[in-house]
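In what follows, a structure is listed as structure tokens, so that the remarks can point back to it.
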Amino acid sequence: MLERRPLVGGAAVTEEIFPGFKFSVFSYVVSLLRPEIIRDLELPRHGLQILPLESTVVPLDNGDYLGSWADPDQTRRELARHSPRDAEAATLFGRLMHHMAMAVRPILSMVPPDPASLAPSDLRGMLKFAGHFRSLGAERFHALYKLMTMSSADYLDEWFEFDPLKATKSASGIIGTFLGPRSPGTAYVLLHHYMGEIDGAFRAWGFQKGGTGAISETIARAAKAHGAEIRTGAAVERVLVRNGRATGVVLEGGEEIHAPVVVSGLDPRRTFLELVEPSQLPGDVVEGIRRFKFRGSSGR
Amino acid sequence: MLKTTPFHARTAPLVQGQAWRRWAGHAVASAYELVHDREYAAIRNSAALLDVSPLYKYLISGRDAVRLLDRMVTRDITKCRVGQVFYTSWCDRHGKVIDDGTVSRLGEGRWRLTSAEPNLRWLSLNGAGMDVQIEEVSARLGALALQGPLSRAILQQVSPADFSALKYFRLTETTIRGEPVTISRTGYTGDLGYEIWVDAERAVPVWDALIEAGTPYGITPAGIWALDMARIEAGLIMLDVDYHSSHHALIEAQKSSPLELGLDWTVPQEKGPYTGRAVLRAERARGPAWRLVGLAVDWVSLEALYAKAGLPPQLPTAAWRVSTPVYRNGEQIGYASSGCWSPLLKQYLALAHLRAPHFTPGSEVRLEVTVEHQRLQAAATVTKLPFFDPERKKS
């Protein structure tokens with residue numbers, strides 16, 4: 001494992017940016033770390049410890065606030081203070097989101113089949129998808145279809161009347177996108193807030209003890225326990241290719257490391273257009289990578 | 001912090017063992033004394049005073065109030081006269097129960113609905129476009145249940161109303177020692193009893209008046225543990241224990257129709273359109289797949305299981321609420337959702353959901369019991385509810 005920076009983790013790092021104070025500089029909260037990864041790497045044994053995110057508070061312009069706690073009675077009462085109707089709707093909304101999360105969850109870790117392909121594996125994949133959606137029944141499929149296509153603002157308008165509540169929920173609908181709360185498709189992003197899984201407790205969010213960087217360190221420890229060697233301060237300059245196969249990497253400074261398989265954790269554009277000579281790749285792959293759009297949208 | 005009820009100033013000093021429980025976001029006493037036996041005994045022998053303020057309460061008024069309620073609940077509300085109270089369930093459009101409670105007709109166009117869960121949204125949705133005002137008065141209104149054979153005699157001491165003329169499930173607006181109250185002849189114990197509805201600010205003087213006048217009659221503040229035993233004897237179901245609201249159920253199997261809960265009598269054969277009607281009609285025609293019934297556990301069979309372990313029968317002192325399998329011919333045919341030893345009937349009782357056709361009264365079934373960490377089965381008989389139905393309840 002080669003890492004250019006002095007510490008592993010990429011965007012999931014905790015650093016002492018002010019003397020004496022450690023910050024989770026980018027990724028700041030955990031919920032979508034897939035349970036199968038936690039299980040397979042035995043992360044709890046290597047130091048994974050998620051502390052619950054107990055409460056949140058939204059300050060309002062008028063000096064008031066909208067709070068939310070782990071206790072449902074307390075949260076309901078707080079919301080009822082602003083809108084009794086929303087307080088009740090929130091419970092039902094939560095249940096619908098549970099159903100939607102249950103509908104989407106099995107698909108999350110599936111490799112998407114190519115709908116245009118006739119390969120047996122793709123056809124099997126398409127069948128599996130079709131079966132899954134059919135199992136939802138008409139009512140839930142309709143709800144899922146709305147969730148997948150609507151904007152988070154429209155979707156929330158169907159449920160709630162208190163604007164600060166809709167605004168804060170909308171915020172989770174646009175996280176990680178370059179979209180506004182009225183952009184179609186953002187309703188689905190809302191769902192991700194309900195999909196976080198910690199200790200199998202559906203929908204819970206939390207903080208890793210020691211900051212998000214400690215999760216990266218945990219994974220690093222798991223890797224070492226399986227015999228991995230980790231070198232930091234080791235920037236990869238390019239991937240070695242022989243006879244159309246990657247055979248290793250060259251570090252800045254010229255050191256060569258040989259390996260039967262090279263796995264890149266960099267984005268695809270840097271991996272394929274900078275570390276690999278484009279002439280070594282099929283032309284359509286290069287073109288596909290060039291066209292592949294991704295942009296960062298969050299900052300701290 | 002949990003909310004407290006309008007009677008908290010009086011109830012809090014009485015809770016000897018700090019045995020509190022949570023009810024709709026409020027702290028209420030599980031038991032006042034260290035052992036709840038006397039509180040239970042008061043319900044059946046003298047009079048128990050229970051703080052039931054955490055109930056959700058809604059005031060519904062306006063020209064269309066009756067239309068709204070009649071469309072929402074299963075009972076025929078057009079037949080509810082001023083001063084009358086209806087117990088009812090209400091369903092979603094698939095005929096699955098959302099909640100159950102009472103509808104009181106306080107005046108010509110003034111109604112009160114009580115429920116176990118929040119229903120403001122459901123009321124508002126159903127009242128869309130109607131000339132109706134819906135107001136949640138849960139916090140503004142304190143509620144006391146005075147239950148037991150001497151409850152009438154006690155009320156007669158403090159209120160000018162004629163309680164011998166107040167029939168079962170009727171209400172009267174009157175006073176208690178000068179404080180305006182509504183008193184309904186209702187309750188959750190299946191006994192002679194009344195519920196007293198009072199403005200939260202006037203709650204404490206009403207409590208004081210009842211305790212003072214009731215003391216010679218053996219009035220006893222009682223908590224939820226005592227109430228839970230009485231309501232099982234009376235065959236009265238509890239939301240989130242014996243069934244789940246269809247609004248919160250996560251899967252179809254967690255939902256119940258009123259027919260499955262043994263509430264057929266709240267589903268009239270002939271009534272205008274209401275939510276769930278078509279489904280309930282069809283269900284009635286083909287017969288429900290499940291039914292909530294009583295189980296009376298056979299003492300000899302239970303005793304034998306304990307005897308084998310070298311123990312006398314061990315009985316729970318409070319009601320239990322753990323889903324417990326029920327078998328017949330080695331096959332699970334349902335589950336009991338709550339149960340208790342009835343000190344009055346000297347019988348071990350349970351409320352159970354059984355699959356057709358096993359719910360016919362008299363059917364012999366087996367209830368799982370855990371004896372010294374071993375899961376065994378005791379014989380039990382399917383029994384019509386209520387287990388206990390004294391004449392004084394309605395007389």
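The values are calculated or read from the model by the stated rules, or taken from the named source; none is laboratory data. None of the values given here were measured: they were computed from a predicted structure. All Cβ positions, even for glycine, are placed from backbone atoms using ideal geometry, and neighbour counts span all protein chains on display. With ligands, DNA and RNA removed, areas are computed over all heavy atoms of the protein, side chains included. Shrake-Rupley method; radii C 1.70, N 1.55, O 1.52, S 1.80 Å.
Here are the numbers for the structure shown:
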| read-out | value |
| --- | --- |
| Region B:30-66 - residue that is in contact with a Ser or Thr (Cβ under 6 Å, 6 or more places away or on another chain) and of a type outside the set (D, E, K, R) and, of those, nearest to the other protein chains (Cβ to nearest Cβ) | B:TYR56 |
| Count of residues meeting criterion [surrounded by 24 or more Cβ atoms within 10 Å (Cβ to Cβ), touching a His at 6+ places or on another chain (Cβ under 8 Å) and over 17 Å from B:VAL206 (Cα atoms)] in region B:216-228 | 2 |
| Residues of region B:299-323 satisfying the condition of being closer than 15 Å to B:ALA336 by Cα and in contact (Cβ under 8 Å) with a residue 60 or more places away in the chain | B:ALA319, B:ARG321 |
| Selected residue (criterion: farthest from the other protein chains (Cβ to nearest Cβ)) from residues of region A:75-111 that are closer than 24 Å to B:TYR56 by Cα and touching a strand residue (DSSP E or B) at 6+ places or on another chain (Cβ under 8 Å) | A:HIS82 |
| Spans of strands (runs of 3 or more DSSP E) in region B:258-352 with at least 1 residues on the phi > 0 side of the Ramachandran plot | B:331-342 |
| Residues satisfying the stated conditions in region B:233-285, i.e. among the aliphatic types (A, V, I, L, M), over 30 Å from B:LEU192 (Cβ atoms), open to solvent by less than 60 Å² (accessible area, probe 1.4 Å) and away from chain A (no Cβ under 14 Å) | B:VAL279, B:LEU280, B:ALA282 |
| Elements of type helices (runs of 4 or more DSSP H) in region A:1-117, at least 3 residues being in contact with a Leu (Cβ under 8 Å, 6 or more places away or on another chain) and touching a residue at least 24 places away in the same chain (Cβ under 8 Å) | A:84-108 |
| Residue match in region B:75-85 (condition: away from chain A (no Cβ under 13 Å), open to solvent by less than 40 Å² (accessible area, probe 1.4 Å) and small (Gly, Ala, Ser)) | yes |
| Condition met for A:ARG124 (within 14 Å of another protein chain (Cβ to nearest Cβ) and at pLDDT 80 or above) | no |
| Answer residue from region B:16-29, given it is more than 14 Å from chain A (Cβ to nearest Cβ) and surrounded by fewer than 20 Cβ atoms within 10 Å (Cβ to Cβ) and is farthest from A:ASP71 (Cα to Cα) among those | B:GLN16 |
| Residue in region A:159-168 that is free of Cβ contacts under 8 Å to residues at least 12 places away in the same chain, within 23 Å of A:LYS293 (Cα to Cα) and not hydroxyl-bearing (Ser, Thr, Tyr) present | no |
| Residue match in region B:34-42 (condition: open to solvent by 10 Å² or more (accessible area, probe 1.4 Å) and closer than 22 Å to B:ARG202 by Cα) | no |
| Looking only at region B:360-395, and only at residues there that are open to solvent by 70 Å² or more (accessible area, probe 1.4 Å) and among the hydroxyl-bearing types (Ser, Thr, Tyr), the one that is farthest from B:TRP299 (Cα to Cα) | B:SER395 |
| Among (1) surrounded by fewer than 20 Cβ atoms within 10 Å (Cβ to Cβ); (2) of a type in the set (S, T, N, Q); (3) outside any loop (DSSP other than H, G, I, E, B) - the single one B:THR11 does not satisfy | (1) |
